[in-house]
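Chemist: For reference, the structure I am asking about is given below.
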Amino acid sequence: MPSTAWKVATGTVITLVLAYAVVVAGQILLGVVAATLVFLVSWLVAYARESDAIPPLGNRRLALTSGLSVVVLAYSFLVAGQILLGLLAVVAIFAVAYGHSILTRYGYPASLGRTRTIVVVVLSVLILVYALVVAGQILLGFIAVFLLYVTAWLTSPTGPLLNE
């Protein structure tokens, strides 16, 4: 369970993201998606700090992830003027770092296998980049990634549909 200070900090960031999305950017749906992702990543980081279920990021990985996040946020704020998209990119950077940490520690899901997992991750990243940069439909991108994962899992040779 995250500490009270962690909950207050997360709630403040979520409130700021939603306020910016509604008042300044006028993109309510994108703000809701960004705020939800901020909550999920915050929960993941807090849970990783306080339990052994999710491996914490090592010092090198945390420094690299934080440095890349600062560069992305600075670019999105100063150059592109798209703060919400920059925030989504930072959340994605931390999600990839934690995903890599989990895969390194526990290995690949048995129902997918190594090759299928790598293909799903690469395709998911490509779909999200396309949805964010080209189509401008981040929510549709998340739905597509979810459907890709469910399809890969259901049709896997050791998945629930074909496992006999």
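Chemist: Before I look further, what does the chain give for accessible area per residue, probe 1.4 Å, in whole square angstrom?
Modeler: Details: 10220 Å² over 164 residues.
Ligands and nucleic acids excluded, the result is 62 Å² per residue.
Chemist: What is the percent carbon and sulfur in the accessible area of the range 1-54, measuring with a 1.4 Å probe over the protein chains and ignoring ligands? If you can, show how the numbers build up before the last one.
Modeler: Values: 2400 of 3240 Å².
Roughly 74 percent of what the probe reaches on the range 1-54 is carbon or sulfur.
Chemist: What do you get when you divide the Cα radius of gyration of the chain by 2.2 N^0.38 Å, with N the number of residues?
Modeler: Working: Rg = 17.1 Å, N = 164, 2.2 N^0.38 = 15.3 Å.
The value comes to 1.12.
Chemist: On the first, second and third principal axes, largest extent first, how far apart are the outermost C-alpha atoms of the range 1-54 in Å?
Modeler: Projected onto the principal axes, the Cα atoms of the range 1-54 cover 40, 19, 9 Å.
The values are calculated or read from the model by the stated rules, or taken from the named source; none is laboratory data. Just so you know, these numbers come straight off a predicted model, no measurement behind them. With ligands, DNA and RNA removed, areas are computed over all heavy atoms of the protein, side chains included. Shrake-Rupley method; radii C 1.70, N 1.55, O 1.52, S 1.80 Å.
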